[in-house]
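If you scroll down you'll find the structure; I have some questions about it.
Each value in this text was obtained by applying a stated rule to the coordinates, not by laboratory testing. Worth saying up front: this structure is predicted, and the values here are computed from it rather than measured. Using ideal geometry, Cβ is built from the backbone for each residue, glycine included, and neighbour counts are taken over all protein chains shown.
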């Protein structure tokens, strides 16, 4: 099956990340359209004899990996990982990310934090000078959603952000994550202080997790028509 130009770029980034993988490694498998290409690459390598153990970040990724006969584990069984490869909805020059467009941000962050390295694979369209063009996902407990939304709005205002905070819906019904939580999509436009906003969101009791991934990515592999670029250190 032929790939669109954008999907070809995602595949190129995934192939570059797959080249980092060696037998015996413990891997975190990300979620989303770009991460799916990496899972496919690992499946091909497993078919050719690669021996790895992988922890998926979502039920969707789990199903894909099982279909490719990739050996799977959990973070309870395998609490320390060598490498996680995942996509991003947005990234800036400081390797800060916005993730969660696919609704798996909580598990993605837990897996990334359990890994020695997190390598992000993406195409150049996700690159921004300042985070916030993509709506920031904030995962929240189902209890007290209206109160939590107001606290998110207050935290945003205190950190120089303005914009609608809306519950994510799926075909008109409330979107519910694999962990049984809701997601607010925050249309802030620009986030002038991502670190400050992350800290403020962390302090809200109803917030389970947010899509600002700060200090987690060690490298970003960016595919564009001119070739592959790397931000950060792939060997870190």
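Could the peptides 114-123, 188-197 be put in order, highest first, of the mean number of other beta-carbon atoms found within 10 Å of their residues?
Output ranking for 114-123, 188-197: 114-123, 188-197.
Project the alpha carbons of segment 136-208 onto their principal axes and report the range along each, largest first, in whole Å.
Sorted from largest, the Cα extents of segment 136-208 read 32, 23, 19 Å.
Identify the residues of segment 119-149 with backbone N under 17 Å of a label point that sits 7 angstrom from the Cα of residue 224 along the Cα-to-Cβ direction, or state none.
In segment 119-149, the label zone of residue 224 (backbone N under 17 Å from the point 7 Å along Cα→Cβ) covers 121-131.
Starting from the 7 Å offset along Cα-to-Cβ, what nm value, one decimal, do you get for the label separation of residue 147 and residue 110?
Here the answer is 2.4 nm between the modelled labels.
Highest first, please rank the peptides 51-62, 153-164, 84-95 by the mean number of other Cβ atoms sitting within 10 Å of their residues.
Sorting 51-62, 153-164, 84-95 by mean packing, highest first, produces 84-95, 51-62, 153-164.
While we're on this one: Which value in nm describes the separation of the simple spin-label points at residue 187 and residue 233, placed 7 Å from the Cα toward the beta carbon?
With each label point 7 Å from Cα toward Cβ, the separation is 4.2 nm.
What 222 nm value per residue comes from the helices of the chain, counting each DSSP H run with n ≥ 4 as -39,500 (n - 2.57) and dividing by all residues, nearest 500 deg cm²/dmol?
-9000 deg cm²/dmol
If you don't mind, there's one more thing I want to ask. Could you check the spin-label model distance between residue 72 and residue 178? Points 7 Å from the Cα along Cα→Cβ, value in nm.
For the pair residue 72/residue 178, the computed spacing is 0.8 nm.
Ok, one more. Given Cα pairs under 8 Å that are at least 6 residues apart, what percent is the relative contact order of the chain?
Relative contact order of the chain: 22 percent.
With a Förster radius of 35 Å, plug the Cβ-Cβ distance of residue 158 and residue 63 into 1/(1 + (r/R0)^6) and report the FRET value to the nearest 0.05.
That gives a FRET efficiency of 0.30.
Kindly work out what percent of the DSSP beta bridges joining two residues of segment 1-148 are antiparallel, to the nearest 5.
Given both bridge residues lie in segment 1-148, the antiparallel proportion sits at roughly 10 percent.
If you count the DSSP beta bridges with both ends in segment 69-197, what percent of them are antiparallel, to the nearest 5?
Counting only bridges with both partners in segment 69-197, antiparallel ones make up about 65 percent.
I need 12, 37, 210 ordered by Cβ neighbour count within 10 Å, fewest first.
With the sparsest Cβ surroundings first, the list reads 12, 37, 210.
Set the Förster distance to 30 Å, then compute FRET efficiency between residue 53 and residue 214 from the Cβ-Cβ distance, nearest 0.05.
Working from the Cβ atoms, E equals 0.60.
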